[in-house]
Amino acid sequence: MLPPLDLPGAIVQDGVLQHLGNPLGEQRALAQGHAVALLGDRGVIAVSGPDRLSWLDSLTSQAVAHLAPGESTELLVLDPHGHVEHVASVLDDGETTWLVVDAADVESLSAWLTRMRFRLRVEIRDATGDLVVVGGTDAAVRRVTAAAPEGRALMWQDPWPRVQVGGHAYGPDEDHPGADWDWTEALLAPEDADRLLADARRGDIALAGSLAADALRIAAWRPRWRGEADERALPHEADWLRTAVHLSKGCYRGQETVAKVHNLGHPPRRLVALHLDGSDSVLPAPGSPVRIGEDAVGAITSSALHHEEGPIALALVRRNTPIDADLVVDTEVGAVAAAQVAIVPPEAGAVAGVPRITRLSRRKVAEA
């Protein structure tokens, strides 16, 4: 939760700092490590208790049972059909597991975790009001004083797009635009957040808003819950198997769908990056149709004006959409031409050379 903002030029919407008058300049400063972003669109859930890691391991897509203090990862909570319901950045300090999530999902995820607690020794607490999240390059964020309740600074290092143990990449590795993605998020106590704002007023540190952070994320093809996780989203569609899914861990809700799509089928949609033509001042809103001619083939999930690439977007399109097709995106001022770059290829899923996963039904038989 952000403290009151009285910074010159600050544009705040629904409690989130959008920018401070120069979004493109803030992007450059953020990318170069000269600024940190105030991320009021993030929330924090604290999970404590001796059973917390094994419990989270049993519920989610990621192997976290042996997560070491200070180690960063990412997890998904799937529904019984394998669709993405929740996404969380994960950091443990030895006593508490900290889940950084999109602010709009804090209440829902907290409630679901509480229902799943049963008699295990875990406690769930919404810590959003107690902590402020800031982000930027690792070097920039480490100049900020983070909370350290157990003597270890609460700093989450984004693993994207490096394939984690147990993960799998559908998209490219060598030419991935996120290859140089350097992103860390720190959790600040209120007094340290106040100190950060005081430093900014004196000009001792530069700040950026959420628009700058999101533009850099989109350029790195980094999926996010509030954009790429609609009610039909499968992890495969956004290349989320890289960082948020362990393909050989034990059973969890939705695991059989993950296995079936990866081993035997293909995801029905795939994520693409779009370079948009037309006016830089108009960006398609999430949900805007993506078309080939008059036929809708998908929808925008995120869009931004990038300081180097101009207007860009991410979109989920039908798997069989030709990768060389000329696409058109509908905006409030008319249609805009879009050139696509495949993030997830049409053949993703049951392709040669993918690691095999033990199907849920077979594992149950083996354990019986």
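The values are calculated or read from the model by the stated rules, or taken from the named source; none is laboratory data. Computed from a predicted structure; not experimentally measured. A quick note on method: Cβ atoms are made from the backbone with ideal geometry, for glycine too, and the neighbour counts reach across all protein chains shown. We work out accessible area using only protein heavy atoms, side chains counted, and drop any ligands, DNA or RNA first. Shrake-Rupley method; radii C 1.70, N 1.55, O 1.52, S 1.80 Å.
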- Note on the structure: Of (1) of a type outside the set (Asp, Glu); (2) open to solvent by less than 20 Å² (accessible area, probe 1.4 Å); (3) modelled with pLDDT under 95, residue 315 satisfies every one except (3)
- Exactly one of 122, 106 is among the hydrophobic types (A, V, I, L, M, F, W, C) and either more than 21 Å from the chain's Cα centre (by Cα) or more than 18 Å from residue 89 (Cβ to Cβ) (or both), and that residue is 122
- Message: Here's a check for you: in the stretch 83-94, which residue that is under 14 Å from residue 157 (Cβ atoms) and hydrophobic (A, V, I, L, M, F, W, C) is surrounded by the most Cβ atoms within 10 Å (Cβ to Cβ)?
- Response: 91
- Note on the structure: Those residues of the stretch 58-82 which are open to solvent by 10 Å² or more (accessible area, probe 1.4 Å) and hydrophobic (A, V, I, L, M, F, W, C) amount to 59, 63, 65, 67, 68
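Looking at 98, 55, can you tell me which residue is closer than 26 Å to residue 229 by Cα, in contact with a Phe, Trp or Tyr (Cβ under 8 Å, 6 or more places away or on another chain) and either crowded, with 17+ Cβ neighbours inside 10 Å or not charged (D, E, K, R) (or both)?
Details: 55 fails: in contact with a Phe, Trp or Tyr (Cβ under 8 Å, 6 or more places away or on another chain).
Result of the check over 98, 55: 98.
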- Cross-chain or 6+ apart pairs with Cβ under 6 Å, the stretch 132-146 first and surrounded by fewer than 19 Cβ atoms within 10 Å (Cβ to Cβ), then polar (S, T, N, Q): 138/184
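Inspect the stretch 266-273 for any residue being closer than 19 Å to residue 343 by Cβ, touching a residue at least 40 places away in the same chain (Cβ under 8 Å), in a strand (DSSP E or B) and among the β-branched types (Val, Ile, Thr) and give the result as yes or no.
Within the stretch 266-273, the first condition is being closer than 19 Å to residue 343 by Cβ, and the residues that meet it are 266-273.
From the residues that got through so far, the ones that are touching a residue at least 40 places away in the same chain (Cβ under 8 Å) too are 266-273.
From what's left, in a strand (DSSP E or B): 269-273.
Pick out the ones that are also among the β-branched types (Val, Ile, Thr) and you get 272.
Yes, the stretch 266-273 has at least one match.
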- Task: Determine which single condition residue 118 fails, assuming it passes every other condition in (1) closer than 21 Å to residue 245 by Cα; (2) open to solvent by 30 Å² or more (accessible area, probe 1.4 Å); (3) hydrophobic (A, V, I, L, M, F, W, C).
- Result: (1)
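Suppose we filter 193, 229, 206 for residues that are closer than 28 Å to residue 77 by Cβ, in contact with a strand residue (DSSP E or B) (Cβ under 9 Å, 6 or more places away or on another chain) and in contact (Cβ under 8 Å) with a residue 12 or more places away in the chain; which single one remains? So that I can check it myself, show each step before the final result.
Working: 193 fails: closer than 28 Å to residue 77 by Cβ; 206 fails: closer than 28 Å to residue 77 by Cβ.
Selected residue: 229, the only one of 193, 229, 206 that is closer than 28 Å to residue 77 by Cβ, in contact with a strand residue (DSSP E or B) (Cβ under 9 Å, 6 or more places away or on another chain) and in contact (Cβ under 8 Å) with a residue 12 or more places away in the chain.
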- Message: Considering only residues that are of a type outside the set (Val, Ile, Thr), without any contact (Cβ under 8 Å) to a residue 40 or more places away in the chain and either farther than 28 Å from residue 168 by Cα or part of a helix (DSSP H, G or I) (or both), which ones fall in the stretch 71-116?
- Response: 107, 108, 111, 112, 115
